[in-house]
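All remarks here apply to the structure that follows.
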Amino acid sequence: MPSSERVYPVSTGPVTEADGVPGPAGGVDELSLAVAALTAPELAAIVDLVAWVDADWLYVANAAGSARLPVADPDGPWELRFGRHPLASQDPMFAVPLSAALADPSPPNERNAYPFAGRRLLSALGDATRSPDLIVVHTPGHYWPERGGHLGEHGSLDAGQSRAPLLLSGAGVRARGTHPEAARVIDVAPTLATLAGVSMRDPEGSALTELVGPGARHVVGLLWDGANSNDLLAMAAAGELPGVARLLAEGVALAGGAIAEFPSVTLTNHTSALTGVGPGRHGILHNVYFDRAVGRQVIVNDVKTWHAACDQLRDGVETLFEAVTRERPDAVSACVNEPVDRGAHYSTFGLVREMGAGAGDGPGDMNDYLPPAEGDPHASERWVRENPDYAWSTRVDALGLAQVVQLWGADATPPDVMWWNTTVTDTGHHGGGPYSEQARASLRDADARLVAFLDLLEERGLLADTAILLTADHGSEAADPTCRGDWGEALRATGIPFRDEGYGFIYLGQSAVPPEPTTPTAP
């Protein structure tokens, strides 16, 4: 999630001539040069693999080998071109449960798994003007603080960074216990729609009808940004997350959680969760990307652009809130602290827009409207004190809880469908890495706010009539502070013009376009 102190700079190359950027020598294949540079053995510690589409094939390669997949058959089989397959395992249950993840943290490519890799990569490469020519996937352990990296990371294709939790509880939820299976983030909106008695229009995901059905009077989706699925389930079982434990007592968890779309970053997957389609359909390719149609960088995951994120949705894409209104015109929906809010009757960012967001440094910067973090009864005092981003996220989440209490309070008619986004969990996992004291504190803080909400529902006699889904937008995996490096130097050495957005989306022939002014934000 965003903070107020991060930027999205652009890496370009080469820039050596006064009149702009020289192209490569005549006839040189820019894509081949870039792939060769990025798959060189000396970059193997930081480049997990690269991916691109050419002549109806999806290609993947790294220093150890290459494979390809027909675009028309995204589920395979793959064809090995040479060496070892970079995506040899696509097991969605890899490194589950917590003990398995801890036994082999941030594993190298040959021991890792990449669930639903073909479909996820093809979606990321599927937008006509926003998708890059070439995708670079970091190794799980790559630590890149110079480019905004953290001790806890996400964004990559592998299971650890892609695995979000998925729990379902309450009215309409038929299953109980923990099931040894995994779903996808694009299944979230269709599942919530089913609980609400409606359907999404042309989703790529599927409703989890083996677990749920219609019948809930109220439907609530909770997104705990960046929450590690293994740790969340283990902490709940150990009694450290009583709110999550209350959900599980009346519902079901998938041990494999929900696999994020690629890249496993915030706005891409918030959008996928609330539309039921991947980035190639909804258009929000990354937290930041380049759009050839307008010739500029687009930043969507920023405190000053959140309120306008839905402007980037492609035509024909429907949000959960729009689906509810289409099939249940009398139903009321609410969207708390979530940029993907189009169609919601009540929205945090709708209020921001009404206050004139986007005028200079106006209401698009939320700081003027946030309560103080100090003294928050649902916050870990130590991390509020030690980490400014943790304090900022605490303020955002305190405002979120205040809105939820107002929406569900004794004098209110509660919404039929509500979505509530929590931010501090992402901050805690970034700050300390998964399984750290800070990450676990952030889960406890989110749980404390969940308990306050559950108590309010119980007090009002609404708990038995409410279905609740808890998920995240991606997982979290530990970076290795000794695994350093920058592939930009190798790309610049080829002499080809390129633009690297979000560090991994390579747009060839674009470096002559001046970088846009950067804006404070976070991955």
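The values are calculated or read from the model by the stated rules, or taken from the named source; none is laboratory data. Computed from a predicted model, the values in this text were never measured in an experiment. Every residue, glycine among them, receives a Cβ derived from its backbone with ideal geometry; neighbour counts consider all protein chains shown. These area figures cover heavy atoms from the full protein model, side chains too; ligands, DNA and RNA do not enter into them. Shrake-Rupley method; radii C 1.70, N 1.55, O 1.52, S 1.80 Å.
A few comments on the model shown:
- Candidates are the residues of the range 266-298 that are over 28 Å from His429 (Cα atoms) and among the small types (Gly, Ala, Ser); the one that is most open to solvent (accessible area, probe 1.4 Å) is Ala293.
- Test: Thr425 is under 22 Å from the mean Cα position of the chain (by Cα), open to solvent by less than 20 Å² (accessible area, probe 1.4 Å) and either at positive phi or modelled with pLDDT of 95 or more (or both): yes
- Scope the range 480-500; condition open to solvent by less than 30 Å² (accessible area, probe 1.4 Å) and of a type in the set (Asp, Glu); matching residues: Asp500
- Among residues of the range 223-265 being touching a Gly at 6+ places or on another chain (Cβ under 6 Å) and of a type in the set (D, E, K, R), the one that is surrounded by the most Cβ atoms within 10 Å (Cβ to Cβ) is Glu261.
- Among the residues of the range 301-344, those identified as in contact with a strand residue (DSSP E or B) (Cβ under 6 Å, 6 or more places away or on another chain), under 19 Å from Ser393 (Cα atoms) and part of a loop (DSSP other than H, G, I, E, B) are Thr305, Asn337, Glu338.
- In the range 446-479, residue most open to solvent (accessible area, probe 1.4 Å) [restricted to those that are assigned to a loop (DSSP other than H, G, I, E, B) and more than 28 Å from His270 (Cβ to Cβ)]: Arg460
- Every residue from the range 423-463 that is small (Gly, Ala, Ser), within 23 Å of Glu338 (Cα to Cα) and touching a strand residue (DSSP E or B) at 6+ places or on another chain (Cβ under 6 Å): Ala446
- Scanning the range 29-79 for residues that are in contact with a Lys or Arg (Cβ under 9 Å, 6 or more places away or on another chain), buried (at least 16 other Cβ atoms within 10 Å of the Cβ), more than 20 Å from Ala490 (Cα to Cα) and not small (Gly, Ala, Ser) gives Leu58, Tyr59, Arg68, Pro74, Trp78.
- Taking the listed residues Val417, Val404, the one that is under 19 Å from Ala331 (Cα atoms) and in contact with a Ser or Thr (Cβ under 8 Å, 6 or more places away or on another chain) is Val417, with no other qualifying.
- Lone unmet requirement of (1) of a type in the set (S, T, N, Q); (2) open to solvent by less than 30 Å² (accessible area, probe 1.4 Å); (3) part of a strand (DSSP E or B) for Thr178: (2)
- Residues of the range 299-319 that turn out to be among the aliphatic types (A, V, I, L, M), more than 17 Å from the chain's Cα centre (by Cα) and either under 15 Å from Gly280 (Cα atoms) or open to solvent by less than 20 Å² (accessible area, probe 1.4 Å) (or both), as a count: 1
- Residue check for Glu354: open to solvent by 10 Å² or more (accessible area, probe 1.4 Å) and in contact with a helix residue (DSSP H, G or I) (Cβ under 8 Å, 6 or more places away or on another chain): no
- Candidate set from the range 80-97 (those that are in contact with a strand residue (DSSP E or B) (Cβ under 6 Å, 6 or more places away or on another chain) and either open to solvent by 50 Å² or more (accessible area, probe 1.4 Å) or modelled with pLDDT under 95 (or both)); member that is nearest to Thr139 (Cα to Cα): Arg84
- Members of the range 98-136 found to be among the acidic types (Asp, Glu), within 23 Å of Ala293 (Cα to Cα) and open to solvent by 30 Å² or more (accessible area, probe 1.4 Å), listed by number: Asp133
- Any chance Val288 is of a type in the set (A, V, I, L, M) and at pLDDT 95 or above: yes
- Selection count where residues are touching a helix residue (DSSP H, G or I) at 6+ places or on another chain (Cβ under 9 Å) and not in a loop (DSSP other than H, G, I, E, B), scope the range 290-300: 2
- Flag if Val404 is surrounded by fewer than 19 Cβ atoms within 10 Å (Cβ to Cβ), among the aliphatic types (A, V, I, L, M) and closer than 27 Å to Pro214 by Cα: no
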